[in-house]
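No lab work stands behind these numbers, since they all come straight from the coordinates. Predicted model only: the values in this text are computed from it and were never measured. Positions of Cβ are backbone-derived with ideal geometry, glycine not excepted, and every protein chain shown enters the neighbour counts.
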Amino acid sequence: TKQILLVSIPRDYYIYNPGLEGLDKLTHLGNMGVLNTVDGINQEFNLSITDYLCTNFTHFKSLVDSLGGIKVNNPYAFTTINGGPGYHFDEGEITLDGEHALAYARERYALDNGDFDRNEHETIIMQAIMEKVQQLVKEGKKATVLTSLTSSFLTNMNFSDLYNLYTSGTDADS
């Protein structure tokens, strides 16, 4: 369909943990490796996911910084409690560097709907990253995009294939 669908599953959602052979929080499945998480999600939702991309906090910040920052449309103002040292985010369009993007995506305690609002923020961040990638590609900066991606993720996918998949679903090459 040439569409990207972003879906969030709350980290405290109870799911079958194949490695432990019992129910566990989704966030704990990763303790036994990425493939354990993929297997658990596949079993829970009757899916057949085979490919994955993972990042950590350090590489996430580096990715956003290597893209030159991102712009997001923040639906409401808030100040972080645990996502960073009291960062304030105004309502409306804001520009985030890597550290602020991570704080924005991690915060849940200062938000009315806790983890559900954090999931929304994570989706907003991912959309902004994809839009920035598309913008850079349109500007002819494909090498910058590939360098940023290859140094920021752990994946079982070939990055050329990943890049081609992304650009085939967008108008990035036009």
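Here are the numbers:
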{"item": "Estimated inter-spin distance, Leu20 and Ile94, nm [label 7 Å along Cα→Cβ]", "result": "3.4 nm"}
{"item": "Length added when fully stretched, Ser48-Leu154, from 0.36 nm per residue minus Cα-Cα", "result": "36.2 nm"}
{"item": "In sequence order, calculated HN-Hα J values of the stretch 44-58 (Karplus, 6.51, -1.76, 1.60; Hz; x Gly/Pro)", "result": "5, 10, 6, 10, 9, 5, 10, 10, 8, 10, 10, 9, 10, 4, 4"}
{"item": "Cα-based radius of gyration of the chain once divided by 2.2 N^0.38 Å, which approximates compact folds", "result": "1.09"}
{"item": "Length-normalised contact order for the stretch 32-174 - Cα pairs under 8 Å, 6+ apart - percent", "result": "26 percent"}
{"item": "The chain: calculated mean residue ellipticity at 222 nm from DSSP helix runs of at least 4, using -39500 (n - 2.57)", "result": "-14000 deg cm²/dmol"}
{"item": "Where GluC sites (Glu not before Pro) fall in DSSP loop in the stretch 100-156, at most 12 other Cβ within 10 Å", "result": "Glu139"}
{"item": "Student exercise, the stretch 27-149 dipole from Lys, Arg, Asp, Glu Cβ charges, in Debye to nearest 20", "result": "460 debye"}
{"item": "Shape call, the stretch 72-160: gyration tensor on alpha carbons, a/c limit 1.5", "result": "prolate"}
